[in-house]
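The values are calculated or read from the model by the stated rules, or taken from the named source; none is laboratory data. None of these values were measured; they are calculated from a predicted model. Positions of Cβ are backbone-derived with ideal geometry, glycine not excepted, and every protein chain shown enters the neighbour counts.
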Amino acid sequence: MDSISHLTIGSTLAGLLTNIPEISSHHEFILPITVSCIVGSMAPDLDVMTRLKPELYLRYHRGASHSIFLFPLWSLLVTGLLSACWTNIPFLLLWLSVSVGYCIHIALDLLNSYGTQIAYPFRPDRKGYHILPLFDPVLWTAHVVCALIWLQQGLGSGYPFLFLYAGSAVYIGIRFYLRTKIKKQLESTHSSGQVLIFPTFSLFRWSIVIVRANAVHAGVWRFGNLIWQSPIHLGDVGDRHIKCSEQTDTVKILKNFSPFLVALKITHPDGVKVTWFDLRYLERANYCLMACVLMNQDFTVRRSYIGWFKPEAQ
């Protein structure tokens, strides 16, 4: 999820942990525990500095820092740094705070379409369950309200946070149920194509993509109704220009980043343009994440680039 959401959830995790007697009985522990939860919740996204270059961002973001196998190393490193600031607090409590925040961060990122390299370095592929959007207004609002109430009460009892997290789990369960139900319905009526479903901000609005051999049909499921957009007619996957484009570094990076790609070939008088689209990111009927390869008719690559492009810039 986005950094603001992780920051907010980190603060409510601190409220949840105040239900532990060792923390609630020591008021001086609350601030360090809160900071530890927030730092733990934000720590996996330190690789966001790779955003300076799209190639680095797509290659490394949510990689090693989001691996469940490397999590013990990262959590101990972060806890060690924090323990130098608060020597009077048991190391185990600080580690618990950091670890809970870190694990919740990885779990939430795993639930959206961007996914994580959860099994790095043993498996380089990304895993995502397409349940939550990058920013979920329902979850964020609920956690902000509870955090503000807790702060107003002088960081008092953390008991209400038990209901907050139980409610959050129920909400995620409802999203999972709706997505599963919609996917089964669409697979029964569109058995000739691959059905992909991606989340949006709304619980009752999902992005739908049907991938067939020669075209991509995109639409929106809204309150039980499907609204289709104009299809994108694809190039032949055996086309030599498309095959040639796959050998460029830009397309390799995008293919490593996403399993949901399609290629579109457009022939111009002065050459060929092959564009690879990531089907997960649709905005105003345009796919925003793409890799483009410009080449001559004789397959000589002139230029290639990759990145996020707003619809008006395409």
Listed by first then second residue, the pairs whose first member lies in region 249-263 and is within 16 Å of G63 (Cβ to Cβ) and not assigned by TED's automatic domain parsing to the domain that holds L58, whose partner is assigned to a strand (DSSP E or B) and of a type in the set (K, R), with beta carbons under 9 Å and at least 6 positions apart or on separate chains, are none
message: Condition first: closer than 27 Å to Y120 by Cα and modelled with pLDDT of 90 or more. Can you find one or more residues in region 14-34 that meet it?
response: no
Those residues of region 4-21 which are in a helix (DSSP H, G or I) and over 21 Å from the mean Cα position of the chain (by Cα) amount to A14, G15, L16, L17, P21
* Filter result for I253 (farther than 30 Å from L111 by Cβ and of a type outside the set (D, E, K, R)) -> no
Going through (1) touching a Gly at 6+ places or on another chain (Cβ under 7 Å); (2) crowded, with 18+ Cβ neighbours inside 10 Å one by one, N19 fails only at (2)
task = Say whether the condition of being among the small types (G, A, S) and either in a loop (DSSP other than H, G, I, E, B) or surrounded by 12 or more Cβ atoms within 10 Å (Cβ to Cβ) (or both) is met by at least one residue in region 162-174.
result = yes
- Task: Might you let me know whether region 226-242 holds any residue that is surrounded by fewer than 19 Cβ atoms within 10 Å (Cβ to Cβ), aromatic (F, W, Y) and outside any loop (DSSP other than H, G, I, E, B)?
- Result: yes
Just one listed residue, out of L196, L254, is part of a strand (DSSP E or B), at pLDDT 90 or above and crowded, with 19+ Cβ neighbours inside 10 Å, and it is L196
Within region 118-167, residues polar (S, T, N, Q) and within 24 Å of the chain's Cα centre (by Cα) come out as T141
